[in-house]
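Below: the structure, in structure tokens.
Values quoted throughout were computed directly from the atomic coordinates according to the rules given, and no laboratory measurement underlies them. Keep in mind that this is a model prediction, so the values were computed, not measured. Counting neighbours? That spans all protein chains shown, and the Cβs are built from the backbone with ideal geometry, glycine included.
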């Protein structure tokens, strides 16, 4: 299962750690995903949603 928000599509971002000596090493920033139960029609489904979508009230 990919680490992607199922509502907004937010995923990982890739960049560099940069030291004081300007050495660069690759790193990854992951979104803050939470498992939430959502009612779709008459069924409940578990989806992975980022906290920004939860705060906006995009899920119920």
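A few remarks follow.
- Legend: calculated FRET efficiency, residue 36 to residue 14, from the Cβ-Cβ distance at R0 = 35 Å, rounded to 0.05, equals 0.85.
- Kirkwood-Stokes translational diffusion coefficient of the chain, alpha-carbon pairs, 10 °C, 1.306 mPa s, µm²/s: 118 µm²/s
- With R₀ set to 35 Å, the beta-carbon distance separating residue 45 from residue 25 gives a calculated FRET efficiency near 0.35.
- Residue of 39, 49, 18 that the Gaussian network model of the chain assigns the largest fluctuation, springs spanning Cα pairs under 10 Å: 18
- Within the listed set 40, 28, 14, the Gaussian network model of the chain (springs between alpha-carbon atoms below 10 Å) gives the highest mean-square fluctuation for 40.
- Among 24, 36, 46, residue whose mean-square fluctuation peaks in a GNM of the chain (springs only between Cα atoms under 10 Å): 24
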